[in-house]
Structure formats: C-alpha cells, structure tokens
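Everything below concerns the one structure shown next.
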Ligand code: PAF
C-alpha cells in the first residue's frame, strides 16, 4: 500500500494506474476508520482493480469549530487498519488541499434545506467542495459512500448528475455494532457511559416501525417521546421523509421510498442515524 501526501505524487501514481488499464474505486474519508469504512473499501476492492482511500479532516464542512478540533485523528492506526484492502492512501495536509480559501459555491436547493442542511449551514457546500476536488484529482470509476450519511449520499449523487461527472456513486448499507449502534468516527468521542446509552437510538428507530399503523405524526411523536425519556439525549430532529427528494411526508402513501432520519446530541457528541421505513 502506497501512502501519498502530495497532489503531484497522487497525479503521477494515478496516471500510471490508469495507463495500465486499472479501474479505480475510491472511498473518501475523514479518518478515525472503523468497520463501516472497511466495508466500503472491501466493496471497492471487489468491484475495481485499484482502491484509493483519502483521509482528510475537511475543515470547510464543519460549521462548529469545536467539532472540527475535537474530530478524532488517528492517521497511523488508520493506515495500518486498511493496509490489506487499500492500494493507495491519500492523506494530504490542509495546505495541500486548500492553499487558498476555497470560494466554490454549490447549491442543492430543497435537498439541502432540510435536516442536516438546515441544522448545519454551509455543511453540504463544504462536502461538495472537497468531494468535487477529490473526484477531479483521482478520477475514480466508482466512489463509495455510507448510507449512514444518507442526505450526503443523495446530495453527492445530485452533484454528479448536475455536473455530469464520470463517476458512479455507490451507496453502501450502514454497519452497526452488535448492539445496533451505527458505526461512526464520532463514537470514539463517547464516554463508556455514553456508549451504553447510544444503542437506544437504533432501538427507538426500530420501535418506530411498529408504530407504522399510526399516522406519520404518530410515528414522529413516538420517537420524540422515547428519545425524551433518556435525559442524556438532546434531540435535534427526527424527520420522516421521501427517500429521494428528502422532503418531509405527511403520510406513508406519499412516496415509494420513505426514510426516518434522526440527529441528536449525546453529551457534546452529535450523532446521526436513519432507518428505511418503506423501500
Ligand atoms: O462522509 C465523510 O466522511 C465526509 O463527509 C467526506 C465524504 C469524506 C467528505 O469530507
């Protein structure tokens, strides 16, 4: 496995990879890698002849300075962890990626006016800036994103569609701990006590499925009430939305595929999760 830090070297190596006719599967990450990332890399390895993983904590997608500084950084461990499955790790410095303050502006309309976009102003612009740059430099055939960041996945697909980028976006299922907690780099910031509480998120999301006989409002009330019973949680939102347009639905008959998405704080750590209600 090759670890690369500069764009010049990345371009050189990728030129050789592409000239030898290899297909490139790409997994962009912010590090603090876990089995969820590993599953993306394994899928990329199955479907391509070369696998590139980027590790870069992207400052421009954080709308909260403390969240950025406290984001776990475990580069040496990460490199070891994926050495069997990635061929190239691109782990650049901030100066390499952003020698000047980026000025690109991306707009995703109604896709970003809800949920994460509403609570994290400018977040998706920051994600789009880094992902578009990485796509331009790496020119992957396929890129892999986890469904845990469901809104991000929909927005990246929209970015690719709008700009007609020559890359196929593959969404991959959420990987969970045996207790149901969705794997996330942010879990590394939870205390042992918080790690005991966190699995309740998925337990409650699953519980909402047994309330499907109720109205959408009834399902939402169930989740809000159940989350409210656990004092360590501070709910930001639970939304039931059309899984394609991300717009809230008032009835489960309103769309073919419907997703429930949640964001909450557990202590100082912000966690998100989701559950497909109707496929
Ligand atoms: O999902 C993430 O880890 C990040 O948003 C991404 C796609 C690597 C962009 O920084």
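Using a basic spin-label model with each label point 7 Å from the Cα along Cα→Cβ, how many nm lie between residue 35 and residue 19?
Each label point is offset 7 Å from its Cα along the Cβ direction, giving 4.2 nm.
Rounded to the nearest 5, what is the percent of antiparallel bridges among the DSSP beta bridges in the chain? Numbers along the way, then the final one.
On the way: 20 of 39 bridges.
Percent antiparallel among DSSP bridges in the chain is about 50.
Got a sec? How would 96, 147 order by Cβ neighbour count within 10 Å, fewest to most? Spell out each step's value before the answer.
On the way: 96 15, 147 18.
Fewest-to-most Cβ neighbours within 10 Å comes out as 96, 147.
Highest mean first, how do 63-71, 107-115, 51-59, 153-161 rank when packing is the count of other Cβ atoms within 10 Å averaged over residues? Spell out each step's value before the answer.
On the way: 63-71: 12.7, 107-115: 16.0, 51-59: 22.9, 153-161: 19.2.
Per-residue mean Cβ counts within 10 Å order the peptides as 51-59, 153-161, 107-115, 63-71.
Work out how much length residue 118 to residue 195 would gain on full extension: take 0.36 nm times their residue separation and subtract the Cα-Cα distance, in nm to one decimal.
Values: separation 77, 0.36 × 77 = 27.72 nm, distance 2.71 nm.
Separation in residues times 0.36 nm, less the Cα-Cα distance, equals 25.0 nm.
If you rank 233, 124 by fewest surrounding Cβ atoms within 10 Å, what's the result?
Values: 233 21, 124 24.
Listed from fewest to most nearby Cβ atoms, that is 233, 124.
For q values of 0.19 Å⁻¹, compute log₁₀ I(q)/I(0) with the Debye formula on a Cα-only model of the range 171-279, without solvent.
At q = 0.19 Å⁻¹ the computed log10 ratios are -0.96.
Consider all pairwise Cα distances in the range 187-245 and report the whole-number % of them above 13 Å.
Working: 1105 of 1711 pairs.
Counting pairs separated by more than 13 Å, the tail of P(r) holds 65 percent.
For n ≥ 4 DSSP H runs only, could you compute -39500 (n - 2.57) per run for the chain, divide by its residues and tell me the 222 nm figure to the nearest 500? List each step's numbers first, then the result.
Working: 11 runs with 107 residues, N = 279.
That comes out to -11000 deg cm²/dmol.
What translational diffusion coefficient, to the nearest whole µm²/s, does the range 222-279 have by Stokes-Einstein, given a Kirkwood radius computed over alpha-carbon pairs, a temperature of 25 °C and 0.890 mPa s viscosity?
Values: Rh = 12.1 Å.
Roughly 203 µm²/s, to the nearest whole number.
Consider all pairwise Cα distances in the range 36-156 and report the whole-number % of them above 20 Å.
Details: 3543 of 7260 pairs.
Counting every Cα pair in the range 36-156, those more than 20 Å apart make up 49 percent.
Sorting check: for 234-242, 166-174, 249-257, which peptide has the highest mean count of neighbouring beta carbons within 10 Å, and how do the rest follow?
Details: 234-242: 19.0, 166-174: 16.0, 249-257: 13.2.
In decreasing order of mean packing, 234-242, 166-174, 249-257 become 234-242, 166-174, 249-257.
Order these by the 10 Å Cβ neighbour count, fewest first: 93, 23, 231.
On the way: 93 10, 23 15, 231 7.
Ranking 93, 23, 231 by Cβ neighbours within 10 Å, fewest first, gives 231, 93, 23.
Can you check what the Kirkwood hydrodynamic radius comes to for the chain, Cα pairs only, in Å to one decimal? Each step should come with its number before you reach the end.
Working: mean 1/r = 0.0508 Å⁻¹.
Evaluated over the chain, this radius sits at 19.7 Å.
Bear in mind that the values in this text are calculations on the coordinates, not laboratory data. This structure is a prediction, so every number in the text was calculated from the model and none was measured. Note: ideal-geometry Cβ built from the backbone for every residue, glycine included; neighbour counts use all protein chains shown.
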